[in-house]
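Presented below is the structure to which this report refers.
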């Protein structure tokens, strides 16, 4: 269960930005958040709610009045599909009538859900696999798609690429659901990530143990950034325009306005790793003093360490071809590709 998660160490820099703003409060164990068009869906221990994000002021109505305990939602053919950790099932709710139907039962703590075409993909926090089910089948059955997670949580897709938070593992992985034999690629190296959303080249994610909202550059050219801290017990998020909606896992749904990337980058005077890809050397620009670092492969194994000097390339030609993470001693993280 997510509420039994232990605390891990993360690698970050943090900056002072705008605070989150409460939208709705007074709930009992607030769980998942999902936005479909201008409709915001969210649930607590008692019901599923809906809000029209074009209205001012925002209000909400009850769609389904019963226990759900759901983190992952998606919509297909006017049905809201959810993964219920509490009931160990995938279910659907008719958005016109509010009637709930079990789609797949007897699961083990299902968490994340995304729907691509006629297929629903789901993760399980107590399983190493991502599964798919055919929503057009008379009796859907789960088919393992990819393996290798320590405990899958929140999921998000961009086209056929699916991103999944490995709550008890190494961070955020991606895979292409259209591949014949999909494989996992580590995108963000950090433990205790519970949910995420991808906007452009950036992934925004929440860390359960550290109660933070953070951003990582999927191109690997800039370090991870903590945007918010002190979120209580954050478990889910989604976006509408430049507004993030975040469940604190307790009583309150928050909104957070995404910062301007250009303004923030200037304010940070942040480091950049180059060249990327590279064959012989790497270097960090904007580096002001000697900085110790370590390099990890995609499995999280430390393969190299050293000290980076200002305006001085560091030789990495001995590394095998592939993708790596460089982490500085102060926690800044960069992803790069080594090739010949």
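Numbers for the structure displayed
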| quantity | calculated |
| --- | --- |
| For the chain, built as a Gaussian network whose Cα springs stay under 10 Å, the top-fluctuating residue of 284, 304, 149 | 304 |
| Surface/4 of the Cα convex hull for region 90-234, nm² | 9.6 nm² |
| For peptides 249-258, 40-49, sequence by mean Cβ density within 10 Å, most packed first | 40-49, 249-258 |
| Gyration tensor over alpha-carbon atoms, region 274-340, equivalent ellipsoid semi-axes in Å | 18, 14, 10 |
| Model label zone, residue 21; criterion: amide N under 13 Å from point 7 Å along Cα-to-beta-carbon; scope region 232-255 | 242-245, 254-255 |
| Distance from region 95-130 to region 162-197 (C-alpha centre basis), Å | 17 Å |
| Highest-first arrangement of 136-144, 157-165, 188-196, where packing means the average Cβ count within 10 Å | 188-196, 157-165, 136-144 |
| Region 97-177: Cα Rg divided by the 2.2 N^0.38 Å rule of thumb | 1.07 |
| Distance between modelled label sites at residue 126 and residue 66, nm, 7 Å Cα→Cβ extension | 2.2 nm |
| For the chain, fraction of C-alpha pairs farther apart than 34 Å, in % | 25 percent |
| Residue among 295, 329, 246 with the largest mean-square fluctuation in a Gaussian network model of the chain, springs linking Cα atoms under 10 Å | 329 |
| Calculated [θ] (222 nm, deg cm²/dmol) that DSSP helices of n ≥ 4 give over the chain, each run adding -39,500 (n - 2.57) | -500 deg cm²/dmol |
| For the chain: relative contact order, % (alpha-carbon pairs under 8 angstrom, 6 or more apart) | 14 percent |
| Cβ-derived FRET efficiency at R0 25 Å, residue 201 paired with residue 311, nearest 0.05 | 0.40 |
| Normalised per residue, the volume of the convex hull around the Cα set of region 192-319 (Å³) | 125 Å³ |
| FRET efficiency for residue 274 and residue 181, using Cβ-Cβ distance with R0 set to 30 Å, rounded to 0.05 | 0.35 |
| Listed residues 282, 197, 316, most fluctuating in the chain (Gaussian network, C-alpha, under 10 Å) | 316 |
| Spherically averaged projected area in nm², based on the convex hull that wraps the Cα atoms of region 20-121 | 6.8 nm² |
| Net length gained if the chain between residue 242 and residue 97 were fully extended (0.36 nm per residue, minus Cα distance) | 49.1 nm |
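Throughout, read-outs are computed from the coordinates displayed, never taken from laboratory work. Just so it is clear, the structure is predicted and the values come from calculations on it, not from any experiment. We place every Cβ from the backbone using ideal geometry, glycine too, and count neighbours over all the protein chains shown.
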